[in-house]
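Structure, as structure tokens:
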Amino acid sequence: MKKVFLSTLFLISILKIHAQCEADHTVLLNDFNFVPSELVILPGESVAFINIQGNHDLNGGINSVTGESFENPVEFNLEPTIGSAEGVCMDTLVFDVPGVYNFDSSVNFDAQSGMSFTLTVDAFDLNDLLNSMENVFESAYAFQAFTPG
């Protein structure tokens with residue numbers, strides 16, 4: 001009974017966090033982590049960044065460890081925000097340009113402690129569709145299902 005209560009409480013708290021920052025995907029920032037640390041989305045989808053612990057920003061310009069440019073297709077940055085247990089919506093970003101985006105938190109020693117995030121905006125194209133159809137027809141089950149016995 002206690003597990004059910006705690007699970008329900010956790011679910012309600014996640015829904016509260018999500019409700020304040022509507023998006024297709026959610027990334028949580030806490031002490032020295034992005035959760036998840038990697039995400040694959042489609043062009044035009046949105047990502048909400050919610051700080052649940054500590055003081056963090058979203059740095060998509062210059063790598064805080066190496067000093068080199070991330071060379072993201074589009075540069076995104078969010079100002080430092082102090083998180084709370086209820087979650088603080090830093091912002092919701094829409095990623096329209098396909099490619100690989102790298103981010104870190106440049107506050108204090110976040111990046112040096114491994115606080116980094118990779119987002120891949122993957123454009124599904126005609127080649128992807130043809131490859132997936134080819135894989136379906138290569139399977140014995142699919143072949144048998146579409147041919148007379």
Apportionment of accessible area to carbon and sulfur, the range 56-118, percent (1.4 Å): 50 percent
Förster-model FRET efficiency, 25 Å R0, residue 113 and residue 22, C-beta, rounded to 0.05: 0.25
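Give me the net charge for the shell around residue 116: Cβ to Cβ below 10 angstrom, other residues only, Lys and Arg +1, Asp and Glu -1.
Summing Lys/Arg as +1 and Asp/Glu as -1 gives -3.
Which length gain, in nm to one decimal place, applies between residue 55 and residue 77 when the Cα-Cα distance is subtracted from 0.36 nm times their residue separation?
Gain on stretching residue 55 to residue 77: 6.5 nm.
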Label-point separation, residue 120 to residue 97 (7 Å along Cα→Cβ), nm: 2.0 nm
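The values are calculated or read from the model by the stated rules, or taken from the named source; none is laboratory data. Just so you know, these numbers come straight off a predicted model, no measurement behind them. As a convention, Cβ positions derive from the backbone with ideal geometry for all residues, glycine included, and neighbour counts pool all protein chains shown. In case anyone asks, the SASA skips ligands and DNA or RNA and just uses the protein heavy atoms, side chains included. Shrake-Rupley method; radii C 1.70, N 1.55, O 1.52, S 1.80 Å.
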